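The values are calculated or read from the model by the stated rules, or taken from the named source; none is laboratory data. Quantities reported herein were computed from a predicted structural model and do not represent experimental measurements. With ideal geometry, Cβ positions are generated from the backbone for all residues, glycine too; neighbour counts draw on all protein chains shown. Side chains are part of the model used for accessible areas, which takes the heavy atoms of the whole protein and leaves out ligands, DNA and RNA. Shrake-Rupley method; radii C 1.70, N 1.55, O 1.52, S 1.80 Å.
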Amino acid sequence: MGFLDGKVALVTGGGSGIGRAVVELYVQQGAKVGILEISPEKVKDLRNALPADSVVVTEGDATSMADNERAVADVVDAFGPLTTLVCAVGVFDYFTEIPQLPKDKISEAFDQLFGVNVKSNLLSVKAALDELIENEGDIILTLSNAAFYPGGGGPLYVSSKFAVRGLVTELAYELAPKVRVNGVAPGGTITELRGIPALANEGQRLKDVPDIEGLIEGINPLGIVAQPEDHSWAYALLASRERTSAVTGTIINSDGGLGVRGMTRMAGLAQ
Ligand SMILES: NC(=O)c1ccc[n+]([C@@H]2O[C@H](COP(=O)([O-])OP(=O)(O)OC[C@H]3O[C@@H](n4cnc5c(N)ncnc54)[C@H](O)[C@@H]3O)[C@@H](O)[C@H]2O)c1
């Protein structure tokens, strides 16, 4: 018996990092999973690595309504009624603080970062909504420590994650009692999280930042340098209405306890 037997999930951004760990756990626990992923290389790898009788992969962009609709159609065609939507796409601003944000790039950077981190959630939810209402399903959005505390990014990233927190609250309110809406807020995790073209850091990966382990370990009380799989059971719990029937509008902080210590300063004018 798997924890998620009978579930049919769509995971956006399931090609690497936290989304990929969620896909692997969901499959291991009996769910059938569709993935919407933008990177052709990651799509290829997913198709090679995961069993075709449990996973269907749609190559596409979560900031496109049409691609989200295609991903929903693909997973429903392959596995039947959709019960679960997990949004795990994201991009980062690499701690670019306001003094360093180029004046002539702010508008473009905002559109790129908010497009992926915020707008895609709305589009994915909208594309999956009829299915989720019909099947009394669950939505799980991906936030961050940056949805609660300063310093986990620059103003673009932090405000984008606060916006996702707003989405959890408003969507949980609007969609009750049919659909539950919750979030997971990971802390620093060793992944391939990328930057954006407008800040010329789209080729950067979080796991390649010098001493990223030390940076993450030093700021959270549990001293955890999280790997993606450290968060995936939080996503499993929130996908199991049977076990968490009273939970909606809630966010699981999976960040090693940042809230009990607060962030130490990682950058700023004083330095
Ligand atoms: N890594 C961390 O320290 C950390 C901490 C807190 C929150 N998060 C959040 O976790 C989520 C997952 O990030 P990750 O760290 O696993 O990074 P990741 O880059 O490994 O995973 C994100 C995946 O989404 C895909 N993707 C990006 N834009 C897309 C788009 N427009 N359409 C479809 N797919 C797209 C990427 O190709 C990648 O496979 C993000 O929302 C991120 O903000 C990450």
**Message:** Tell me the Kirkwood radius of segment 8-255: reciprocal of the mean inverse pair distance over distinct alpha-carbon atoms, in Å.
**Reply:** 18.0 Å
**Request:** Over all directions, average the projected area of the Cα convex hull of segment 65-136 and note it in nm².
**Result:** 5.8 nm²
**Fill in**
Expected sort for 98-111, 227-240 on mean C-beta neighbours within 10 Å, highest first, is 227-240, 98-111
**Request:** For segment 133-256, list log₁₀ I(q)/I(0) at each q in 0.10 Å⁻¹, using the Debye formula over Cα point scatterers of equal strength and ignoring solvent, two decimals each.
**Result:** -0.35
**Asked** All other residues with a Cβ under 13 Å from the Cβ of ILE212 taken together, and with Lys, Arg as +1 and Asp, Glu as -1, what is their net charge?
**Response** -3
**Item:** Sequence-separation-based contact order of segment 8-255, relative, with Cα cut under 8 Å and 6+ spacing, percent
**Value:** 21 percent
**Asked** To the nearest 20 debye, what is the magnitude of the charge dipole of the chain about its Cα centre, counting +1 on the Cβ of each Lys and Arg and -1 on the Cβ of each Asp and Glu?
**Response** 520 debye
**Item:** Area projected by the alpha carbon convex hull of segment 1-141, averaged over all directions, nm²
**Value:** 9.0 nm²
**With every protein chain in place, segment 10-147: carbon and sulfur % of accessible area (1.4 Å)** = 52 percent
**Prompt:** When the helices in the chain are scored as -39500 (n - 2.57) per DSSP H run of 4 or longer and the sum is shared across all residues, what 222 nm value do you end up with, to the nearest 500 deg cm²/dmol?
**Reply:** -11500 deg cm²/dmol
**Request:** Per residue, how big is the convex hull around the C-alpha atoms of segment 1-67? Give it to me in cubic angstrom, could you?
**Result:** 79 Å³
**For segment 8-255, accessible area per residue (1.4 Å probe, heavy atoms of protein chains only), Å²** = 42 Å²
**Prompt:** In this model, which of LYS126/LYS207; LYS178/LYS207; LYS119/LYS178; LYS103/LYS126; LYS44/LYS119; LYS126/LYS161 are farther than 30 Å apart at the alpha-carbon?
**Reply:** LYS126/LYS207; LYS178/LYS207; LYS103/LYS126
**Prompt:** Can you list the residues, at least 5 places off or on another chain, whose amide H is less than 5 Å from the amide H of ALA185, using H built in the peptide plane?
**Reply:** LEU143, ILE252, ASN253, SER254
**Prompt:** Ordered by packing density, taken as the mean number of other Cβ atoms within 10 Å over each peptide's residues, highest first, how do 202-214, 247-259, 14-26 rank?
**Reply:** 14-26, 247-259, 202-214
